[in-house]
1. Mind listing whichever residues of the stretch 89-139 are at positive phi and open to solvent by less than 50 Å² (accessible area, probe 1.4 Å)?
2. Looking only at the stretch 200-213, decide whether some residue is surrounded by fewer than 24 Cβ atoms within 10 Å (Cβ to Cβ) and either of a type in the set (S, T, N, Q) or assigned to a helix (DSSP H, G or I) (or both).
3. Name the residue, out of G243, G282, that is surrounded by fewer than 21 Cβ atoms within 10 Å (Cβ to Cβ) and more than 16 Å from the ligand (Cβ to nearest atom).
4. I'd like the full set of residues that are farther than 21 Å from R133 by Cβ, within 12 Å of the ligand (Cβ to nearest atom), touching a residue at least 40 places away in the same chain (Cβ under 8 Å) and of a type outside the set (A, V, I, L, M, F, W, C), limited to the stretch 77-121.
5. Could you grab the pairs with beta carbons closer than 7 Å, sequence gap of 6+ or different chains, first residue in the stretch 158-176 and touching a residue at least 60 places away in the same chain (Cβ under 8 Å) and closer than 21 Å to R125 by Cα, second one open to solvent by 10 Å² or more (accessible area, probe 1.4 Å) and assigned to a helix (DSSP H, G or I)?
6. Taking R80, is it part of a loop (DSSP other than H, G, I, E, B), of a type in the set (K, R) and either open to solvent by 10 Å² or more (accessible area, probe 1.4 Å) or under 27 Å from R296 (Cβ atoms) (or both)?
7. Go over the candidates D45, D54 one by one and state the one that is buried (at least 17 other Cβ atoms within 10 Å of the Cβ) and in a loop (DSSP other than H, G, I, E, B).
8. Can you tell me which residue in the stretch 248-277 is nearest to the ligand (Cβ to nearest atom), limited to those that are among the hydrophobic types (A, V, I, L, M, F, W, C) and not in a strand (DSSP E or B)?
Amino acid sequence: SPIPDYLKAVLDNARSIERGAPASYIETLAQADTSKLAVALAMVDGNLYSVGDDRVEFSMQSISKAFVYAMAIEDRGLPRVLEKIGVEPSGDAFNHLSLERGTNRPVNPMINAGAITAHSLVEGRTAEERTERILRGLSQLAGRPLHVDEAVYEAELRTADRNMAIGYMLKAAGVISCDPRDVVRGYIRQCAITVNVRDLAVMAATLSNGGVHPVTGVAMIPQASVRQVLSVMTTCGMYDAAGDWVSNVGIPAKSGVAGGIIGALPGQVGIATFSPKLDERGNSVRGVAMCEQLSRDMGLHMMDVS
Ligand code: GLN
């Protein structure tokens, strides 16, 4: 059939690219099978297409940041979230230790400082409650129960010095008020939730579909939050590669260090790719290549008039 055949051709093109290396900061990611490759498209009408290693699970990592930001907005309201987290692209690496000059907020919710803050804003009295709420919310978006990869979680926790430092910086600046260690642990658990590209494409398509789940038709995220999330994905979702990405691919997107990328084109489609080898900015090399080809071939750039 034409769409899967086309997607297989996209995979094959990407397979020939050898650049990049898997994330090396923890063993569990460093040992990833770099031959794994998958792509999925979820249409806003509920159709889902996927090829390659489309059932292989990997940790969401930073992709979770987009959805947890939406949950923080739902739980606290946008004005309160904006008081705590800015929306300016930073041009810095995702784990940069910094706050916005003047306002003392994390610059945006897609870098770790902002994501850890967003995590802290999710409803829940304890770290466990917050993390449970996030796991439940993400599972609902995926349409199946998701789980935390405990090996990834443990490994990240053992090397969490930088994120802990960010947590303490946030506490010292009065951005978070709870125990920074608890918040960072919860954030790391959120990052260790595993998915496959089919899950991610459906989750992305929910953003593309104004927050309405494309398969169940249930309203999951209010339209105003979706707009906010897609806006920061556009300007900050690919970290310091955001400008390149917007001009080449032109789709609101978010990447994770395990090799996943989501793209959400409003009114059209949710895209997910997976390949573990990353470029120097922490974005999947083959994933970026596949998204570039999809955007080119299908005319997905949001600035193009179709
Ligand atoms: N767990 C990773 C971290 O906090 C996630 C970062 C990412 O995916 N870019 O460092």
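The values are calculated or read from the model by the stated rules, or taken from the named source; none is laboratory data. Note that the structure is a prediction, hence the values are computed from the model and not measured. Please note: Cβ atoms are built from the backbone with ideal geometry, for glycine as well, and neighbour counts cover all protein chains shown. Side chains are part of the model used for accessible areas, which takes the heavy atoms of the whole protein and leaves out ligands, DNA and RNA. Shrake-Rupley method; radii C 1.70, N 1.55, O 1.52, S 1.80 Å.
1. Initially, the stretch 89-139 is screened for residues at positive phi, giving 91, 102, 104, 124.
G124, the sole residue that qualifies.
2. Quick first cut of the stretch 200-213, residues surrounded by fewer than 24 Cβ atoms within 10 Å (Cβ to Cβ) only: 210-213.
Filter once more, keeping what is either of a type in the set (S, T, N, Q) or assigned to a helix (DSSP H, G or I) (or both): none.
No, the stretch 200-213 contains no residue that is surrounded by fewer than 24 Cβ atoms within 10 Å (Cβ to Cβ) and either of a type in the set (S, T, N, Q) or assigned to a helix (DSSP H, G or I) (or both).
3. Details: G282 fails: more than 16 Å from the ligand (Cβ to nearest atom).
G243 is the lone residue from the list that is surrounded by fewer than 21 Cβ atoms within 10 Å (Cβ to Cβ) and more than 16 Å from the ligand (Cβ to nearest atom).
4. N95
5. As it stands, the answer is V175/K84; I176/S120, since those pairs meet every condition given.
6. Details: part of a loop (DSSP other than H, G, I, E, B): no; of a type in the set (K, R): yes; either open to solvent by 10 Å² or more (accessible area, probe 1.4 Å) or under 27 Å from R296 (Cβ atoms) (or both): yes.
Against the criterion (part of a loop (DSSP other than H, G, I, E, B), of a type in the set (K, R) and either open to solvent by 10 Å² or more (accessible area, probe 1.4 Å) or under 27 Å from R296 (Cβ atoms) (or both)), R80 does not qualify.
7. Details: D45 fails: buried (at least 17 other Cβ atoms within 10 Å of the Cβ).
Just a single option satisfies the conditions, and that option is D54.
8. Of the residues in the stretch 248-277, the ones among the hydrophobic types (A, V, I, L, M, F, W, C) are 249, 251, 253, 257-258, 261-262, 264-265, 269, 271-272, 274.
Going one step further and asking which of them are not in a strand (DSSP E or B), we end up with 249, 251, 257-258.
On the way: V249: 18, I251: 18, V257: 4, A258: 7 Å.
Top of the filtered list is V257.
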